Amino acid sequence: MKLGVVGVGYVGLVTGACLAEAGNHVICVDSDADKIHGLRDGVIPIYECGLEEIVRRTAKAGRLHFTTDLNDAVAQSDVIFLAVGTPMAEDGSANLYGVYAVARELGNVLTEYRIIVMKSTVPVGTHEALTRIIRSKTTAPFDYVSNPEFLKEGAAVEDFMHPDRVIIGTTSQKARDVMTELYKPFMRKSKRLICMDPASAEMTKYAANGMLATRISFMNEISRLCEETGADAELVRQGLGSDGRIGSAFLFPGIGFGGSCFPKDIRALIHTGRTNGVDMPLAEAVWKVNAAARTRFADRVIAHFKGRESHAVLGVWGLAFKANTDDVRESPAVYCVQRFIKAGLQVRAYDPQAGPAAAAVLGAGLELCQDAHGALEGCDALCVLTDWQEFRTPDLEAIRAALRAPVVFDGRDLYDPQSMARAGFQYYAVGRPSGSGDHAGQGKASACAVSGRVPPEEPC
Ligand SMILES: NC(=O)c1ccc[n+]([C@@H]2O[C@H](COP(=O)([O-])OP(=O)(O)OC[C@H]3O[C@@H](n4cnc5c(N)ncnc54)[C@H](O)[C@@H]3O)[C@@H](O)[C@H]2O)c1
């Protein structure tokens with residue numbers, strides 16, 4: 001099929017590349033000329049596992065093209081995907097400026113029947129506004145499909161190639177048939193292509209992110225209680241997640257969720273409730289608990305250095321909002337580092353991918369290091385803020401040797417308190433026994449519990 005993708009960010013580039021990989025001819029359009037020129041030269045603007053190879057391969061095969069000219073893409077495509085950003089507006093609503101702008105531009109260049117597919121996350125009812133905008137500019141026929149994206153950054157290619165479900169929201173049988181055909185190569189294992197009306201499709205995306213964010217905040221609330229009662233949140237998590245009715249995903253305690261989706265989508269959900277006269281107390285609480293998780297963690301680290309902030313050096317592991325991405329949008333790690341710097345601490349940080357993006361946000365206050373152990377040289381503590389795989393089995397002896405004091409703050413609960421105490425560390429985690437051996441082990445983490453720990457699953 002001949003396809004256009006408007007907006008070449010995390011969603012648009014993955015969508016375009018994966019659709020081209022499946023044999024389609026795809027033209028990707030972005031208003032950012034530098035990004036497009038870079039992509040034409042083979043420069044991939046984001047870090048996403050497996051993406052670079054697919055972009056290179058499909059571009060070389062002549063199935064993936066990049067342009068700034070929307071007209072060109074619309075003229076040559078049967079189906080046009082929209083994947084521009086919908087960031088959080090000041091009042092918490094989804095800022096639809098980008099999607100409205102593209103709808104106007106589309107209306108201006110549409111001369112023949114096309115299927116317009118919305119991949120961006122947009123509030124319920126947006127399909128009506130967009131249809132109106134396009135109709136006001138053209139008499140050409142078109143069908144509208146709400147096809148929300150559920151990929152997770154860090155596993156985006158895998159998620160797109162093997163979706164556990166695809167939602168098709170449209171009133172047009174023709175568009176439904178085309179979309180079913182288009183997704184067929186990706187549905188060989190999962191047959192869950194669910195068709196519904198556009199409003200329900202729009203709402204499904206917010207409900208999904210709301211539910212996942214709720215699980216994280218619920219677990220963080222339980223962790224807070226664990227800290228006060230001597231229970232170990234990691235053991236509680238295992239016990240809770242092994243209940244088949246509950247499942248283990250999105251139950252990892254820590255410094256809360258971030259990224260470009262959960263925070264803005266929760267706020268937008270609350271805003272949609274407000275504009276429709278519906279209170280959303282649960283979504284409000286999810287937001288509040290999430291904000292408290294990062295604040296409390298940063299407070300705890302800063303309190304440790306009270307009175308000696310100007311001499312203290314903190315080694316930080318992780319700046320991305322979660323592992324396997326270079327995305328620092330709404331990153332709890334970046335929030336914590338901002339607080340540390342503001343409190344007067346000197347910060348040396350390392351992230352496998354997100355260093356440059358974080359440095360652009362954090363400015364001169366951050367000393368960026370090239371490797372994990374280099375970031376600890378001469379530091380008074382290690383602070384783990386992102387759950388990258390390479391931080392999960394650390395060389396404790398090397399950490400001790402590099403640090404001026406054996407202190408570890410673990411915002412992602414990656415380590416076992418007993419092992420840390422045995423290695424002589426003062427260890428502070430979230431919802432777990434803390435300290436230097438005196439309290440550590442209250443929660444009696446078994447060796448099996450430690451070695452059986454599965455890698456944390458992260459929000460998109
Ligand atoms: N990032 C994720 O993991 C994820 C997952 C699921 C859904 N979503 C949703 O998908 C949408 C896109 O998210 P993203 O993270 O890919 O955004 P992004 O910010 O990474 O990319 C958006 C792109 O759109 C381009 N753009 C903006 N206005 C444009 C215009 N008028 N014409 C052409 N290009 C334009 C920007 O230059 C940018 O390259 C959002 O609604 C988001 O909520 C994101």
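Quick one: what are the phi-derived ³J(HN,Hα) couplings along the stretch 152-161, Karplus 6.51/-1.76/1.60 with θ = phi - 60°, whole Hz, x for glycine and proline?
Per-residue couplings from phi come out as 9, 4, x, 9, 5, 5, 4, 5, 5, 5 Hz.
For the stretch 211-451, give the magnitude of the charge dipole about the Cα centre (Cβ charges: +1 Lys/Arg, -1 Asp/Glu; no others), in debye to the nearest 20.
The calculation lands at about 500 debye.
Taking the Cβ of A298 as the centre, find all other residues whose Cβ is under 12 Å away and add up their charges (Lys, Arg: +1; Asp, Glu: -1).
Here the charged neighbours net out to +4.
Would you mind putting 65-77, 215-227 in packing order, based on average other-beta-carbon counts within 10 Å, highest first?
The packing order, highest mean first, is 215-227, 65-77.
How large is ³J(HN,Hα), in whole Hz, for each residue of the stretch 274-283 in order, when computed from phi with the Karplus curve 6.51 cos²θ - 1.76 cosθ + 1.60 and θ = phi - 60°, using x for Gly and Pro?
4, 5, 9, x, 10, 5, 10, x, 5, 4
Counting only other residues whose beta carbon sits under 14 Å from that of T138, what net charge do I get with K and R as +1, D and E as -1? If you can, show how the numbers build up before the last one.
Details: positive: R104, R114, R132, R135, K137; negative: E105, E112, D143.
Local charge sum for T138: +2.
What are the semi-axes of the equivalent ellipsoid of the stretch 293-362, taken as the square roots of 5 times the eigenvalues of the Cα gyration tensor, listed largest first and rounded to whole Å?
21, 12, 9
Trypsin sites (Lys or Arg not before Pro) within the stretch 360-424: which are DSSP loop residues with at most 16 other Cβ atoms inside 10 Å?
Answer by residue number: R392, R404.
For K191, what is the net charge nearby, where nearby means another residue's Cβ is under 15 Å from its Cβ and Lys, Arg count +1, Asp, Glu -1?
Neighbour charge sum, excluding K191 itself: +3.
Magnitude of the Cβ-charge dipole of the chain, K/R +1 and D/E -1, about the Cα centre, nearest 20 debye?
620
Mind listing the long-range amide H neighbours of L82? Cut-off is under 5 Å, sequence gap 5 or more, other chains count too, H placed in the peptide plane at 1.01 Å from N.
V6, V117, M118, K119, S120
Which order do the peptides 303-313, 155-165 come out in when sorted by mean C-beta neighbours inside 10 angstrom, highest first?
155-165, 303-313
Given a 1.4 angstrom probe, what's the average accessible area per residue across the stretch 294-417, in square angstrom?
Working: 4740 Å² over 124 residues.
On a per-residue basis, 38 Å².
With n ≥ 4 as the cut-off for DSSP H runs, can you work out [θ] at 222 nm for the chain, using -39500 (n - 2.57) per run divided by the number of residues, rounded to the nearest 500?
-13000 deg cm²/dmol
Over 28 Å between Cα atoms: which of K184/K205; K35/K288; K60/K322; K191/K264; K174/K322; K35/K184 fall into that group?
With Cα atoms farther than 28 Å apart: K35/K288; K60/K322; K191/K264; K174/K322; K35/K184.
Highest first, please rank the peptides 18-24, 338-344 by the mean number of other Cβ atoms sitting within 10 Å of their residues.
Order by mean packing, descending: 18-24, 338-344.
Rounded to whole Å, give me the distance from the Cα center of the stretch 103-125 to that of the stretch 21-90.
Cα centroid of the stretch 103-125 versus Cα centroid of the stretch 21-90: 17 Å apart.
Go through the stretch 249-258 residue by residue and turn each phi into a ³J(HN,Hα) via Karplus (6.51, -1.76, 1.60, θ = phi - 60°); whole Hz please, and just put x for glycine and proline.
Values, residue by residue: 5, 6, 10, 7, x, x, 8, x, 8, x Hz.
Please give the charge dipole size of the stretch 196-274, origin at the Cα centre, charges +1 on K and R Cβ atoms and -1 on D and E Cβ atoms. Round to the nearest 20 debye. Before the final figure, lay out the partial values.
On the way: 8 positive and 9 negative charges, 56 e Å.
For the stretch 196-274, the charge dipole is close to 260 debye.
Assuming a ≥ b ≥ c are the square roots of the Cα gyration tensor eigenvalues, decide whether the stretch 211-451 counts as rounded (a/c under 1.5), prolate (otherwise, with a/b larger than b/c) or oblate. Walk me through the numbers on the way to the answer.
Working: a/c = 1.82, a/b = 1.21, b/c = 1.50.
The shape class here is oblate.
With point charges of +1 on the Cβ of Lys and Arg and -1 on the Cβ of Asp and Glu, referenced to the Cα centre of the chain, which listed residue (I341, V74, V430) lies farthest in the positive direction of the dipole?
Highest projection toward the positive end goes to V74.
Tell me which of N276, T393, G254 sits at the most positive position along the dipole axis of the chain, charges placed on C-beta atoms (Lys, Arg +1; Asp, Glu -1).
Checking the options against the dipole of the chain, the answer is N276.
Cα convex hull of the chain: mean projected area in nm², to one decimal? The partial results should precede the final answer.
Numbers: hull surface 89.7 nm².
Over every viewing direction, the Cα hull of the chain projects on average to 22.4 nm².
With each pseudo-label sitting 7 Å past Cα toward Cβ, what's the A207-D72 distance in nm, one decimal?
Each label point is offset 7 Å from its Cα along the Cβ direction, giving 4.2 nm.
The values are calculated or read from the model by the stated rules, or taken from the named source; none is laboratory data. If you're wondering where the values come from, they're calculated on a predicted model, not measured in any experiment. Backbone-built Cβ (ideal geometry, glycine too); neighbour counts: all protein chains shown. The accessibility values were calculated without ligands, DNA or RNA, using every heavy atom of the protein model including side chains. Shrake-Rupley method; radii C 1.70, N 1.55, O 1.52, S 1.80 Å.
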